[in-house]
Each structure stands twice: as C-alpha cells, then as structure tokens.
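Data first, discussion second: the structure below is written as structure tokens.
Values quoted throughout were computed directly from the atomic coordinates according to the rules given, and no laboratory measurement underlies them. Bear in mind that the values here come from a model prediction, so they are computed numbers and not experimental data. Please note: Cβ atoms are built from the backbone with ideal geometry, for glycine as well, and neighbour counts cover all protein chains shown.
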Amino acid sequence: EPEVTQTPSHQVTQMGQEVILRCVPISNHLYFYWYRQILGQKVEFLVSFYNNEISEKSEIFDDQFSVERPDGSNFTLKIRSTKLEDSAMYFCAAGGPHNSPLHFGNGTRLTVT
Amino acid sequence: RKEVEQDPGPFNVPEGATVAFNCTYSNSASQSFFWYRQDCRKEPKLLMSVYSSGNEDGRFTAQLNRASQYISLLIRDSKLSDSATYLCVVWAAFTDSWGKLQFGAGTQVVVTP
C-alpha cells in the first residue's frame, strides 16, 4: 500500500477555474508538503504544513494557493483561479521529523487550458 | 549559484558498465542528503540516503564530501532498468527539526543494450 495517495491523477481545467488537489498520507506522518514540477523542469517546493498550519512557503505559493487538512486525513491544495503557467505535476509528500526522507505521492497532473 | 546543481547529462552507459556523477550544494549548513530516482512523469522515489561515511546499497554507492560540498552516486553493472533521472536532494533546515528538501534538476542516465 502506498504511503501517500493523491487524487485525481489527472485534472484538466479552464483558466480562471478553481481546482482542489487531494492527498491522503498514512496517518503516522506529521509533516506534509506540496511540490510541483513543470514538464522538463526540476521539482520545486511550494509549502510545508505541520500541526494544522503552514510552516514555510515559497514565493510560488502566492495568494492564489491555499492548503488545509480539515479532517485530519486529507491534505488538500487549492488553486483559486488557475493560470496557464500552473500546468504541472503536483506532488504531495509526507514524512517524519528531523530531516528524514519524504514519501511522495504519485502526483496529480494539472493541465490548465 | 544554484542551491543544488547537477550535470543534466544524458549519461549514455552501455549495459554492464559503471557510471558516476556528482551533485554540488551551496548551503554549507545542509544536514541530510538523498538520491531520488524519477522515471518519466512519475513521482520521485527514494533511492538512498547519503551518510557522512558514504554508503552502499547493492550496485549503488553514494559518497558525501562536506569539505567540497558535493555528493556522488556510482552505479555499477548498469542495467537497462537503471535508465532514469537521478535527483540529488538536500535537506535545508528552517529550525532544528524543520526544513524542506531542495532538489537538483536531475541527471539523466540512459543505459543502452
């Protein structure tokens, strides 16, 4: 069983629409992250989340982005008004404390048209 | 200078040969280092953690050189299934227990029959 499951695997949306990407980590993970990877580019950090709040975010993570973990299991990334340049693979990652390696979900491919 | 820098390759390697490549990092306070493997349009998967003394896992050997701020990965007896992009990943700390993974852009390895 994968440690981190993401849904949907592929999402196509029109520019300006809202999307919600979902992630379900195994319950003993405490630290959660979103990363993204634009096709052909490197994996980029978006945001980290611990104890129900954002602990760090990158400059990519602007006001259009938000995260929450409303029910203690699902960890979501919302993009309020998508732009063409938001098209990318979005990876959720989860792990333990103290610079341990992260477990990545299988990713959601977001295509904004 | 990029935080984590890798030779993008591709490294074209005959099956059975040995290939090695490095990754340099700029933050001298980095504490943990990892090699991830990423297949095309898939999530990064942890290949191995890199310990200060270097470590070996089957055909894969990782080394850390803190003085020169680089890590290396060596693959012996290359197999066709080793064809992938190898991501150098460095843990950058925010606090003693918090941080984020910084990714290199990856080194592409192509093993040929």
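Looking across the stretch A:75-113 at every residue that is within 17 Å of A:Glu18 (Cβ to Cβ) and exposed (fewer than 15 other Cβ atoms within 10 Å of the Cβ), the one that is farthest from the other protein chains (Cβ to nearest Cβ) is identified as A:Ser81.
Has the stretch A:53-72 got at least one residue that is over 15 Å from the mean Cα position of the chain (by Cα) and either β-branched (Val, Ile, Thr) or within 11 Å of another protein chain (Cβ to nearest Cβ) (or both)? For the stretch A:53-72, residues over 15 Å from the mean Cα position of the chain (by Cα) and either β-branched (Val, Ile, Thr) or within 11 Å of another protein chain (Cβ to nearest Cβ) (or both): absent.
Restricting the stretch A:57-74 to residues that are in contact with a Lys or Arg (Cβ under 9 Å, 6 or more places away or on another chain) and either part of a strand (DSSP E or B) or not hydroxyl-bearing (Ser, Thr, Tyr) (or both) leaves a set whose member that is surrounded by the fewest Cβ atoms within 10 Å (Cβ to Cβ) is A:Asp63. The criterion of being touching a Lys or Arg at 6+ places or on another chain (Cβ under 6 Å) and either farther than 21 Å from B:Pro10 by Cα or away from chain A (no Cβ under 14 Å) (or both) holds for B:Arg59. Collect the residues in the stretch B:36-73 that are assigned to a strand (DSSP E or B) and touching a Leu at 6+ places or on another chain (Cβ under 6 Å), keeping them in residue-number order. B:Tyr36, B:Arg37, B:Gln38, B:Val50, B:Thr61, B:Ala62, B:Ile71, listed by residue number.
Among the residues of the stretch B:18-36 satisfying the criterion of being more than 11 Å from chain A (Cβ to nearest Cβ) and surrounded by 14 or more Cβ atoms within 10 Å (Cβ to Cβ), which is nearest to B:Ser81 (Cα to Cα)? Top of the filtered list is B:Val19.
Taking the listed residues B:Tyr25, B:Tyr36, the one that is within 19 Å of A:Ser100 (Cβ to Cβ) and in contact with an Asp or Glu (Cβ under 7 Å, 6 or more places away or on another chain) is B:Tyr25, with no other qualifying. The C-beta contact set for the stretch B:56-68 (first residue farther than 19 Å from B:Ser26 by Cβ, second residue loosely packed, with under 12 Cβ neighbours inside 10 Å, distance under 6 angstrom, 6+ apart or interchain) comprises B:Arg59/B:Asp77.
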